[in-house]
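The values are calculated or read from the model by the stated rules, or taken from the named source; none is laboratory data. The structure presented is a predicted model; accordingly, all values stated were derived computationally and were not measured. Cβ placement follows ideal geometry from the backbone for every residue including glycine, while neighbour counts extend to all protein chains displayed.
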């Protein structure tokens, strides 16, 4: 049976055999040509937005990405024409891209035509995909013009296989830029641990990425596996992969508790309220630590029993034996910690001394310090109290953790226990004003929670990393109350400057969206949390300009 419902509008329902093969081949070639033309247009955009003698150049620092806020590397490598400041932001909005992506495309387009002409010629001839050429431009943009010219010549003869490209670039760096050659023992530039709460997973789920020493990461991964195995032996029904994720919390909880047990030398004067000063005894340690020790001992006993006991063998240790061993082990660990701490202090290896004040600096202990913003309607709360909360019920996403279910929040609060802190509710619809230019902190937080991100078209910079812009410029001699939530919006520094110094304008609509207009009268609607919608289709807009 032929299904023409989704193909009739493209006129391909009658294609088959050789005609269909020809169509597939032609589309592939057309895709290469369209992609190449995109970079040709991007290059022309740069040419028509030149850097003037008295102007500022577009740099990657304008992108406002993590780690690039102070970067003065201009868009395009050595030998490329300069691009005027704000050209990147205008291109990004017109193309429907983030500022970072737009900056990279413009930079690659400049490098391909001015620094890698042989590679660009292959792209124009549809012999090389433009995305392969763009990656070469990206990997060489900070190298000298002579170095890149040599790379371009070599690749034109060797070909553009990934291995050949990598070897050629490495050889060029060693020849032209020996100072950039990394020693084997270095290479830590990319080391980092990052958590992403907006990775698009299920409510209450985040992503953790780590790059570091291979041995360290392997040891930590093995520790996670061990914890996951222990959870399984204790009856956790989840898969091993899911238990590994849970193990991160188990390890964090244990570390937090152990930090408490190591704080053994507080004097009477600096002891926290409710805690006895002096060396800590097993009885002083939190109950969670004893519980962890018992669970570990039980897991060990079970493992030993499973390894050596046959069917029907009941000779393994009893629960009473396990608990007794756990208690003895815990007491021994506490005593050893006390002794080690006392010996370290006596030998002068206690808390580090502050170089200015001369006071001891205790070890830092951090435990769930991030703010969690939760927004619920009265109906949500009533349904929860009645016990009929729909599992698909969603709430407004205004916080970094994107909590969407009250039941999930209840679980988090129960796990945090005494570490949970409840602060007063922030009314996002509160109307109030001050006469000063800078908004007070409560007003700033209200606007940040409302807007969620920079409200320039297609920008996703979080609101906490933006400026607060007066939509209608603040007049120091004007009427009172100009600084109010309705006249404030979140703009990242680059888009704040662009709005201030160019012909871009915007205003806030009654529904909370923002209507932007560029110097060519193109318009966009930005709805916080939902995205950007272009209001004038490109073809229709071009016809309007020509009329």
Tabulated pairs, region 1-28, first at pLDDT 90 or above, second surrounded by 10 or more Cβ atoms within 10 Å (Cβ to Cβ), C-beta under 9 angstrom, 6+ apart or interchain: 20/12; 22/15; 23/12; 23/15
Output for region 472-503, where each listed residue is closer than 20 Å to residue 531 by Cβ and at pLDDT 95 or above: 489, 490, 491
Subset of region 227-244 [surrounded by fewer than 14 Cβ atoms within 10 Å (Cβ to Cβ) and modelled with pLDDT under 90]: 234, 235
Pick from region 148-184, criterion over 28 Å from the mean Cα position of the chain (by Cα) and outside any helix (DSSP H, G or I), ranking: surrounded by the most Cβ atoms within 10 Å (Cβ to Cβ): 160
Flag if residue 426 is within 19 Å of residue 528 (Cα to Cα), surrounded by 14 or more Cβ atoms within 10 Å (Cβ to Cβ) and not assigned by TED's automatic domain parsing to the domain that holds residue 516: yes
3 or more residues more than 30 Å from residue 196 (Cα to Cα): qualifying strands (runs of 3 or more DSSP E) within region 423-518: 505-508
Test: residue in region 110-124 that is closer than 25 Å to residue 171 by Cα, in contact with a helix residue (DSSP H, G or I) (Cβ under 9 Å, 6 or more places away or on another chain) and either part of a loop (DSSP other than H, G, I, E, B) or modelled with pLDDT under 95 (or both): yes
